[in-house]
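First the structure, in the form of structure tokens, and then the observations on it.
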Amino acid sequence: MEQIWADVLVVGGGTGGTAAALQAARRGANTVLVSEFAWAGGMLTAAGVSAPDGNELMPLQTGLWGAFLRELEQRQPEGLDHAWVSFFTYEPRLGAEIFADWLAALPNLRWLQGETPLAVLREDKQVVGVRFANHEIRAAITLDGTELGDLLALGEVPHRWGWEWRAEYNEPSAPLEPSELTQRYPVQAPTWVVVLQEFAEPAPAIPAPPGYNPEPYAEAWQTHGPERFLDYGRLPGRRFMINWPIQGNDYGEGLNRLLGSPEERRVFNQEAQAHSLGFAHFIQTQLGQTELDRRYGLATDAFPSGALALHPYYRESRRLVGLTTITELDILPPPKLPTDAIALGNYPNDHHYPGFDLPLKSRSLRWGGRWTGWPFAIPYRALVPERIDGLLVCEKNISVSHIANGSTRLQPVVLGIGQAAGMAAALCIEQQCQPRDLSVRLLQEALVTEPQAPVALVPLLDLPPTHPDWLTWQRQYLDAPETYPADACCQPVPAPVPISQHSQTWTGIVHQRPDGIWLESQDLTAPVQLVTLWPEVHTQLNTCKEGQPVQVQGFLNLAGNWLRLESLQLL
């Protein structure tokens, strides 16, 4: 067994773990990343969820999340506007290549693949390393970036799994007491993503898995229709990410097995795979009534393992008991700025329980011609164990309630959490201190001034990272968080919006409808909705009146039936 000593050890090559390893190494720490799979990036790559949700507004496209989007734009010539569930869809393989290139560029980062943790090494109340099958790695700071918070269990670090009742945190959406829903689903259901391909000729048949039953999928696209159903996760090259929540491939049977033995987890994964392959078989046979009309088949080169993702899309894991716990009250409007803010999110809140609907308190915000979510900030103390030293968490395993996890679990948020955790770990090495003793203001300053991917820590809906006064405004509220505005707007002097190279131009007439602002143009076969991610254009959209002639620049997305604007000029 090889013995390794490092400044920072990151266990788990998922979204948060990859970000943490990148940031720790970029700061100069001697870093080791250990992953189970050959692809880094987790939800964004190996789990196949290449249609990220949340942090879509330009003011929230910062840090490694913003850098990832800019790199995707450079590497994917077809652009990112293909689906209606997200403004950004891409080939999972492309995302994996980006993360692999970033990791390989760091000489002080060693990436070990194909290993899972077997034991956490502790000296009294301090984690000092982790043992794997072929390596024992000791480090000053260890980060748990596993998909299910495995180090929390192995290291006997206090953590949670399951629901909290309303009396505990006074969360308005939390149940008063146990019910059939809470007993059947201790956490949200995972999904094993499968990618389908549209073929020009009859596609190879997708065999029905053993015990196949079409009944669970019977009404999957009844309310949307088959074309819109497929466009939900449309990828470039006539491909489709199948991650469908309505009688689709969410799988939540016997979720406590995920905490059991390796064999129990293996059986769960086998069942989840079969459920997704059954859904793929259903799609193929129901959307192609004859052999000649079998248009959709498996995209067998989507992942190293074929059309199925390398592992499930886990929406929830063990959750740390930290120095503070994020609850629903922290993410509901009006936005709040904790003094130790280190990452941002804005996803409305979304829970997955097949067969059940959980009513949730609305976090929705009308912005840019569409519905999005109010922004919120992640506090550093939610990454730090209450009583254990030498350890940080950097995935969905932060200290968060079950209800609030529905907003904090999304890919861009976890990238931000990982980047902050990696920076914190590197600073702990520099300062020779434990995570609980690290100066939060020092950490915040390091993040907002990070040379390669500076991070917005203060959610300001009218301040994109391209604004010349961006850093000034970030520092102003970090130094005086009590002055943070309740509408999350600082009203800076307007700045020009940079126009993308492939942006196109249309002229037409604006129509005001109850569901938004639409453009009628001779250059379009039908009216399309006008939306934007830029605050300056958002302001201009709000001034448009019925019948107003305009010229716009942006990107047309036929699946979403929208024009994503970068410029709007009144004529």
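Below is a table of values for the structure above.
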read-out	value
Which numbered condition D523 fails, given (1) open to solvent by 50 Å² or more (accessible area, probe 1.4 Å); (2) part of a strand (DSSP E or B)	(2)
Residue that is farthest from F282 (Cα to Cα) [pool: residues in segment 217-246 that are open to solvent by 20 Å² or more (accessible area, probe 1.4 Å) and touching a residue at least 40 places away in the same chain (Cβ under 8 Å)]	G237
Of all residues making up segment 179-195, the number that are over 18 Å from the mean Cα position of the chain (by Cα), touching a residue at least 40 places away in the same chain (Cβ under 8 Å) and assigned to a loop (DSSP other than H, G, I, E, B)	2
Restricting segment 1-41 to residues that are over 16 Å from E115 (Cβ atoms), assigned to a strand (DSSP E or B) and among the hydrophobic types (A, V, I, L, M, F, W, C), the residue that is least open to solvent (accessible area, probe 1.4 Å)	V8
Lone qualifier among L443, L447, L457 - being under 13 Å from L337 (Cβ atoms) and crowded, with 19+ Cβ neighbours inside 10 Å	L457
So A274, is it buried (at least 19 other Cβ atoms within 10 Å of the Cβ) and either in contact (Cβ under 8 Å) with a residue 40 or more places away in the chain or closer than 30 Å to A377 by Cα (or both)	no
Exclusive hit being modelled with pLDDT of 95 or more, open to solvent by 10 Å² or more (accessible area, probe 1.4 Å) and on the phi < 0 side of the Ramachandran plot, set L383, L332, L320	L332
Some residue of segment 278-299 being assigned to a helix (DSSP H, G or I) and under 25 Å from the mean Cα position of the chain (by Cα)	yes
Given (1) at pLDDT below 95; (2) surrounded by 15 or more Cβ atoms within 10 Å (Cβ to Cβ), number of the condition L571 does not satisfy	(2)
Residue list for segment 463-473, restricted to those being touching a residue at least 12 places away in the same chain (Cβ under 8 Å) and either surrounded by fewer than 22 Cβ atoms within 10 Å (Cβ to Cβ) or farther than 19 Å from W374 by Cβ (or both)	P465, T466, H467, P468, D469, W470, L471, W473
Test: residue in segment 339-352 that is assigned to a loop (DSSP other than H, G, I, E, B), under 26 Å from Y185 (Cα atoms) and among the β-branched types (V, I, T)	no
Close pairs (6 angstrom Cβ cut-off, 6 or more residues apart or separate chains): free of Cβ contacts under 8 Å to residues at least 24 places away in the same chain in segment 345-371, buried (at least 18 other Cβ atoms within 10 Å of the Cβ) and in a loop (DSSP other than H, G, I, E, B) anywhere	S364/P348
Selected residue (only one of L64, L94 is part of a helix (DSSP H, G or I), touching a residue at least 12 places away in the same chain (Cβ under 8 Å) and open to solvent by less than 10 Å² (accessible area, probe 1.4 Å))	L64
Hits in segment 304-317 - residues which are over 17 Å from Q270 (Cβ atoms) and open to solvent by less than 20 Å² (accessible area, probe 1.4 Å)	R315, E316, S317
Filter pass, G48 being touching a residue at least 12 places away in the same chain (Cβ under 8 Å), in a loop (DSSP other than H, G, I, E, B) and open to solvent by less than 10 Å² (accessible area, probe 1.4 Å)	yes
Some residue of segment 35-42 being in contact with a Pro (Cβ under 9 Å, 6 or more places away or on another chain) and among the hydroxyl-bearing types (S, T, Y)	no
Number of the condition not met by L176 [criteria: (1) in a loop (DSSP other than H, G, I, E, B); (2) of a type in the set (A, V, I, L, M); (3) crowded, with 16+ Cβ neighbours inside 10 Å]	(3)
Residue match in segment 286-296 (condition: of a type in the set (A, V, I, L, M, F, W, C) and touching a residue at least 60 places away in the same chain (Cβ under 8 Å))	yes
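Yes/no matrix, rows are residues, columns are (1) open to solvent by less than 20 Å² (accessible area, probe 1.4 Å); (2) in contact with a Phe, Trp or Tyr (Cβ under 8 Å, 6 or more places away or on another chain); (3) over 16 Å from Q434 (Cβ atoms); (4) part of a strand (DSSP E or B):
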{"position": "P117", "(1), (2), (3), (4)": "no, yes, yes, no"}
{"position": "V120", "(1), (2), (3), (4)": "no, no, yes, yes"}
{"position": "G129", "(1), (2), (3), (4)": "yes, no, no, yes"}
{"position": "A133", "(1), (2), (3), (4)": "no, no, yes, no"}
{"position": "A140", "(1), (2), (3), (4)": "no, no, no, yes"}
{"position": "E147", "(1), (2), (3), (4)": "no, yes, yes, no"}
{"position": "L151", "(1), (2), (3), (4)": "yes, no, yes, no"}
{"position": "E164", "(1), (2), (3), (4)": "yes, no, yes, no"}
{"position": "E168", "(1), (2), (3), (4)": "no, no, yes, no"}
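Rundown of residues vs (1) out of contact with any strand residue (DSSP E or B) (no Cβ under 9 Å at 6 or more places or on another chain); (2) of a type in the set (V, I, T); (3) under 22 Å from D350 (Cβ atoms), yes/no style:
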{"position": "F199", "(1), (2), (3)": "no, no, no"}
{"position": "P202", "(1), (2), (3)": "no, no, no"}
{"position": "P210", "(1), (2), (3)": "yes, no, no"}
{"position": "N243", "(1), (2), (3)": "no, no, yes"}
{"position": "D250", "(1), (2), (3)": "no, no, yes"}
{"position": "L258", "(1), (2), (3)": "yes, no, yes"}
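The values are calculated or read from the model by the stated rules, or taken from the named source; none is laboratory data. Note that the coordinates shown come from a computational prediction; the quantities given were computed from them, not determined experimentally. Positions of Cβ are backbone-derived with ideal geometry, glycine not excepted, and every protein chain shown enters the neighbour counts. The area values use the complete protein model at the heavy-atom level, side chains included, leaving out ligands, DNA and RNA. Shrake-Rupley method; radii C 1.70, N 1.55, O 1.52, S 1.80 Å.
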